[in-house]
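A.B. asks: Could you have a look at this structure, given as structure tokens, before my questions?
Read the figures in this text as sums done on the coordinates, not as results from a lab. Computed from a predicted structure; not experimentally measured. Please note: Cβ atoms are built from the backbone with ideal geometry, for glycine as well, and neighbour counts cover all protein chains shown.
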Amino acid sequence: MDSSDALMARFLALHPRTIDLSLGRIERLLARLNHPEHRLPPVIHVAGTNGKGSTIAFMRAILEAGGLAAHVYTSPHLVRFHERIRLGRIGGGVFVPEDRLADAFARCEAANAGQPITVFEITTAAALLLFSEHAADVLLLEVGLGGRVDATNVIDTPAAAVVTPIGRDHAEYLGDTVAAVAGEKAGIFKRGCPAVIAAQDYAEADEVLVRHAESVGAVPVMVGNQDFSVHEENGRLVFQDELDLFDLPRPRLAGRHQYVNAGTAIAALRAAGFGDIGTAALETGLNKVDWPGRLQRLGRGRLAELVPEGSELWLDGGHNVDGGRILAAAIADLGDRSDVPLVLVTGLLGTKDAEGFLRNFVGLARALIAVPIAGQMAARPAEEVARIATEAGLNARTAPSIETALAAVADIAFERPPRILICGSLYLAGAVLAANGTPPT
């Protein structure tokens with residue numbers, strides 16, 4: 001049997017565009033596969049600009065702590081494609097094994113019979129095929145891009161549809177206003193199904209999401225009113241809805257924004273029919289949750305050994321303007337912010353608002369070292385990132401690689417060992433985890 005990599009290479013030739021949002025091609029393929037999307041466990045469908053993956057990570061951790069098996073579909077991957085498909089089992093799910101992935105790819109290739117289809121569409125069909133053939137209690141399904149015409153939006157009756165915070169990103173596909181983006185994300189809402197709406201940063205997003213939910217006959221479940229609330233109190237997470245109040249530990253994932261994501265996850269599980277998960281599972285889930293590449297501290301590994309003694313090394317894949325704002329606030333909240341110098345090691349794609357992302361760190365970062373993102377044709381040259389950072393008001397320079405950037409930090413005279421944050425792209429985050437020898441598991 002051909003490897004999954006060999007099959008993926010053939011998939012690339014099936015459509016001239018990497019992204020071409022449509023449902024027709026995947027619906028045709030799913031029909032030829034005998035509709036695996038109709039043979040799934042209850043689905044919690046998650047869209048949003050920021051926080052989708054973290055919210056799903058919280059749900060998975062809580063479900064598994066409660067003794068349930070959760071399938072998970074997320075994108076993009078950091079190191080290996082297999083990370084996108086986690087097969088649920090009691091005691092903890094596992095990334096799809098190579099033999100099962102290659103077999104599913106081969107069956108999808110045969111059923112597609114050479115017809116035009118994007119890589120994301122055919123691999124999403126393969127994921128749904130795998131999920132339909134392995135028993136689990138729930139499928140946590142992340143939207144790839146947008147929602148309304150995303151390949152994952154083939155689920156007729158999700159147990160719940162969730163929209164995490166919305167911002168401006170992928171304007172060429174989703175529109176250049178928050179309202180337009182919100183309209184695309186709201187396309188996952190379905191008649192009679194709970195529409196869980198996380199706390200939004202923009203009032204127009206809330207308005208569009210509620211209006212669309214009501215127009216299709218979905219049942220809005222909103223934060224901040226009688227449906228549910230979540231807040232930090234004395235370093236703990238307090239969640240309340242119409243039925244219960246939970247006083248829970250601080251989420252293991254760093255950053256104040258993770259309180260919002262954790263609360264959204266709890267509300268989504270309860271709206272989807274998993275309200276019998278008790279306090280013990282909620283506590284264990286919040287304590288054990290893991291989501292690599294999102295404000296992750298690298299305390300060991302090959303790259304971690306290169307930083308100056310006493311320094312901290314952090315990694316985050318945030319890449320859009322709002323993601324940068326959230327990341328900067330989270331770094332500022334880590335403590336000792338006035339005493340520990342912050343150094344950014346940054347790589348960015350040309351498709352992102354580099355200036356908008358970087359200006360969040362003006363006044364916070366003492367230095368920035370721009371690096372290329374190896375293997376990414378769309379990456380901005382390091383010199384361009386450094387120029388944009390300098391124009392934004394940051395003290396910037398370049399380095400040819402992550403390794404040389406970390407070595408260069410040692411040459412900067414700081415009064416204390418610095419906090420080093422590698423950020424700007426999920427592709428960069430994946431390269432760092434691979435180089436560090438700590439890929440997701």
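A.B. asks: Could you tell me which of T438, V208, A370 has its Cα farthest along the dipole of the chain towards the positive end, charges placed at Cβ (Lys, Arg +1; Asp, Glu -1), taken about the Cα centre?
C.D. replies: Of the candidates, T438 comes out farthest on the positive side.
A.B. asks: Based on the Cβ-Cβ distance of D244 and E383, what FRET efficiency does E = 1/(1 + (r/R0)^6) give at R0 = 51 Å, to the nearest 0.05?
C.D. replies: For D244 and E383, the calculated efficiency is 0.40.
A.B. asks: Quick check on region 22-161: what are the equivalent-ellipsoid semi-axes from the Cα gyration tensor, as sqrt(5λ), descending, whole Å?
C.D. replies: 22, 17, 14
A.B. asks: Under the rule a/c < 1.5 gives rounded, and otherwise a/b versus b/c splits prolate from oblate, where does region 114-179 land using the Cα gyration tensor?
C.D. replies: Taking the square roots of the gyration eigenvalues as a ≥ b ≥ c, region 114-179 is oblate.
A.B. asks: Oh, and also: What is the magnitude of the charge dipole of region 4-288 about its Cα centre, with +1 placed on the Cβ of each Lys and Arg, -1 on the Cβ of each Asp and Glu, and no other charges, expressed in debye to the nearest 20?
C.D. replies: 640 debye
A.B. asks: Okay, next question. Which residue fluctuates most in the GNM of the chain (Cα springs below 10 Å): A268, A104, A151?
C.D. replies: Highest fluctuation among the options: A104.
A.B. asks: For region 121-242, rounded, prolate or oblate, judged on the Cα gyration tensor with a ≥ b ≥ c (square roots of eigenvalues), a/c < 1.5 rounded, else prolate if a/b > b/c?
C.D. replies: oblate
A.B. asks: Determine Rg/Rh for region 242-356; Rg is computed over alpha-carbon atoms and Rh is the Kirkwood hydrodynamic estimate from the same atoms.
C.D. replies: 1.04
A.B. asks: Considering the alpha-carbon set of the chain alone, what are its Rg and its Dmax in angstrom?
C.D. replies: In Å, with Rg to one decimal and Dmax whole: 21.4, 65.
A.B. asks: What residue among T177, T346, T264 has the largest mean-square fluctuation in a Gaussian network model of the chain, using Cα springs under 10 Å?
C.D. replies: In this elastic network of the chain, the residue with the biggest mean-square fluctuation among T177, T346, T264 is T177.
A.B. asks: In region 324-441, what percentage of the DSSP-assigned beta bridges are antiparallel, given to the nearest 5?
C.D. replies: Expressed as a percentage, antiparallel bridges in region 324-441 total about 10.
A.B. asks: Counting DSSP beta bridges with both partners in region 182-271, what percentage is antiparallel, nearest 5?
C.D. replies: Antiparallel: roughly 65 percent of the beta bridges in region 182-271.
A.B. asks: Restricting things to alpha carbons, tell me how big region 296-436 is in terms of Rg and Dmax, in Å.
C.D. replies: Every Cα atom of region 296-436 included, Rg and Dmax give 13.4, 38 Å.
A.B. asks: Let me ask another. I'd like to know which of L306, N287, V340 lies farthest towards the positive end of the charge dipole of region 274-342, counting +1 on Cβ of Lys and Arg and -1 on Cβ of Asp and Glu.
C.D. replies: The residue sitting most towards the positive pole is L306.
A.B. asks: Among A304, A186, A213, which one shows the highest mean-square fluctuation when the chain is modelled as a Gaussian network with alpha-carbon springs under 10 Å?
C.D. replies: A304
A.B. asks: Let me have the 222 nm mean residue ellipticity of the chain computed from DSSP H runs of 4+ only, each contributing -39500 (n - 2.57), with the sum over all residues rounded to the nearest 500.
C.D. replies: Only helices count here, giving -10500 deg cm²/dmol.
A.B. asks: Which entries in K185/K352; K52/K352; K185/K288; K190/K288 show an alpha-carbon gap greater than 24 Å?
C.D. replies: Result: K185/K288; K190/K288 exceed 24 Å.
A.B. asks: Continuing with the same structure: Within the chain, what percent of beta bridges assigned by DSSP are antiparallel, to the nearest 5?
C.D. replies: 30 percent
A.B. asks: Let me ask something else. For a protection proxy built on the mean count of beta-carbon atoms within 10 angstrom, sort 235-246, 290-301, 138-149, 385-396 highest first, please.
C.D. replies: So the order, starting with the most tightly packed, is 138-149, 385-396, 290-301, 235-246.
A.B. asks: A further question on this structure: Please work out the Cα center distance from region 53-126 to region 5-37, rounded to the nearest Å.
C.D. replies: A separation of 15 Å, based on Cα centres.
A.B. asks: Farthest toward the dipole's positive end in region 4-288, which of H77, G91, L101, given Cβ charges of +1 (Lys, Arg) and -1 (Asp, Glu) about the Cα centre?
C.D. replies: L101
A.B. asks: Now for a separate question. Please work out the Kirkwood hydrodynamic radius for region 173-314, using every pair of different C-alpha atoms, and report it in angstroms with one decimal place.
C.D. replies: With all distinct Cα pairs of region 173-314 included, I get 17.2 Å.
A.B. asks: Using the membrane-span-like helix rule (whole DSSP H runs, Cα extent along the own axis of at least 18 Å, mean Kyte-Doolittle hydropathy at least 0.5), which helices of the chain qualify?
C.D. replies: Answer set is 52-65, 119-132.
A.B. asks: Order by neighbour count: E121, E27, E415, E37, fewest other Cβ atoms within 10 Å first, most last.
C.D. replies: The order, fewest Cβ neighbours first, is E415, E27, E37, E121.
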